Amino acid sequence: MTQSVTQAPPLRARAEIDLAALRANVASLRERAPHAALMAVVKSDAYGHGALPCARAALRAGATWLGTATPQEALALRAGGITEADARVMCWLWTPGDPWAEGITAGLDMGVSGMWALEEVTAAARALGRTAKIQLKADTGLGRNGCQPADWPALVAAARAAETEGLVEVTGLWSHFACADEPGHPSIGLQLTAFREMVAYAEKQGLDPEVRHIANSPATLTLPDTHFDLVRTGIAMYGISPSPELGTPAELGLRPVMRLAASVALVKEVPAGHGVSYGHHYVTERDTTLGLIPVGYADGIPRSASGRGPVLVGERWRRARGRIAMDQFVVDLGGERVEPGAEAILFGSGERGEPTAEDWAQAADTIAYEIVTRIGARVPRVLVNEDPSPDR
């Protein structure tokens, strides 16, 4: 059943997740890459938005793949009811001893970046008597996960041999950009060239992947020649611009999905010269009123935004004054009276004058990805505008 914002329970704090906005974002991203399949990346609990509901909403909007970092995240999607018939699920951050057998049984597409991983997945496949679906990752210049060009021929040869033996099916060849969120960065072209060369080599050696992919959110939005067979959309799916340099969410055709709000816990009058929070880094200049916002860094509110973090209270922007503590912080209401229980909006779409996740990112000297992803588990997610159609 659809739940409106006004029906949200009067909680200490809540993160409202607008699934209609998420579906619209996926549709918009599909329009940007009309000839490629779309992978909805739901790693890190869907960037803090809730993996299962966001995955289901993305699939309803036309995504056909889901992406996670860890195998545990991918297996949780299967355990949550997303079947192989519903979606392909890929995961790419494996460590020695991870659950390869479970991944094979669940029909996951598993990223392989080096020989050790290929050896572990083939051993699991041999023990199970089943074929594992794997995707070879090329390090084209990011310098994190992925196989270096010098090691690529050996990995390709071993994967081809395992495929011939029936132990694996190489379903994909892929890579990841380092600077796609920086328009015109010279590494973009260099990585794209390296990717094409490494794919061509693998195909010449007999691999016939189903999908080739390198495009993340910024590349999906701005670099159509990188789309290949599949695009992987993460942060853009949640309505956040990958970078201010690329434009605002509205300019990119996106709508922020998360709205973070809290109930004002206390309002009190204090005299001039009154210290506020730990260390007294803020002292009132005049008689004023203070409002207590009952969230803190244990909820994911960055302590580094102390003194700067914006909050909409009583139709006006306020700033976190003094230190942001573990469970709470204070705003100076400038003498205004606000009733306890009034809504304090930390961030949202900005359409009603409230701060955005990007505003908090600037206040904390970080990126908006971190702001939404770090919102903690004790802040309940309230689903808004759920699709009334039956579950997939």
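Coordinate-derived values only; no laboratory data. A quick note: this is a predicted structure, and the numbers were derived from the prediction, not measured. As a convention, Cβ positions derive from the backbone with ideal geometry for all residues, glycine included, and neighbour counts pool all protein chains shown.
May I ask you to derive the relative contact order of the stretch 171-329, considering only C-alpha pairs under 8 Å and at least 6 residues apart, and to give it as an integer percent? Kindly include the intermediate steps, with their values, before the conclusion.
Details: 266 pairs, mean separation 23.3, N = 159.
Rounded, it is 15 percent for the stretch 171-329.
By per-residue mean of other Cβ atoms within 10 Å, what is the highest-first order of 356-363, 11-18?
By packing density, highest mean first, the sequence is 356-363, 11-18.
Roughly how big is the chain's charge dipole about its Cα centre, with Cβ charges of +1 (Lys, Arg) and -1 (Asp, Glu), in debye to the nearest 20?
Roughly 560 debye for the chain.
Under unit Cβ charges (Lys, Arg +1; Asp, Glu -1), what dipole magnitude, rounded to 20 debye, does the stretch 56-214 have relative to its Cα centre?
Values: 13 positive and 19 negative charges, 51 e Å.
For the stretch 56-214, the charge dipole is close to 240 debye.
When the helix-only estimate is applied to the chain (DSSP H runs of n ≥ 4, each -39,500 (n - 2.57), divided by the residue count), what is the mean residue ellipticity at 222 nm, nearest 500 deg cm²/dmol?
The helix-only estimate for the chain comes to -8000 deg cm²/dmol at 222 nm.
Once you order the gyration tensor axes a ≥ b ≥ c over the Cα atoms, which shape class does the stretch 49-203 get: rounded for a/c under 1.5, otherwise prolate or oblate by comparing a/b with b/c?
Values: a/c = 2.03, a/b = 1.11, b/c = 1.82.
In terms of gyration-tensor shape, oblate.
State whether the stretch 272-345 is rounded, prolate or oblate according to the following rule on the C-alpha gyration tensor (a ≥ b ≥ c being the square roots of its eigenvalues): a/c under 1.5 gives rounded; otherwise a/b larger than b/c gives prolate, and the remaining case gives oblate. Please report the intermediate quantities before stating the final value.
Values: a/c = 1.82, a/b = 1.09, b/c = 1.67.
Oblate, since a/c reaches 1.5 and b/c is not below a/b.
Taking H placed 1.01 Å from N in the peptide plane, check which residues at least 5 places from residue 318 or on another chain put their amide H under 5 Å from its amide H.
For residue 318, the qualifying residues are 311, 312, 313.
Where a Cα-Cα gap under 23 Å defines reach, which lysines qualify for residue 43, not counting those fewer than 8 residues away within the same chain?
133, 137
Where does each of 186-195, 257-266 land if you order them by average Cβ count within 10 Å, highest first?
For the peptides 186-195, 257-266, the packing ranking is 257-266, 186-195.
Is the shape of the stretch 300-384 best called rounded, prolate or oblate, per the rule: a/c under 1.5 gives rounded, else a/b larger than b/c gives prolate, else oblate, with a ≥ b ≥ c the square roots of the Cα gyration tensor eigenvalues?
In terms of gyration-tensor shape, rounded.
Going by average Cβ density within 10 Å per residue, which order do the peptides 270-279, 130-139 take, highest to lowest? Provide the component values of the computation, followed by the final result.
Details: 270-279: 13.5, 130-139: 23.0.
Put in order of decreasing packing, that is 130-139, 270-279.
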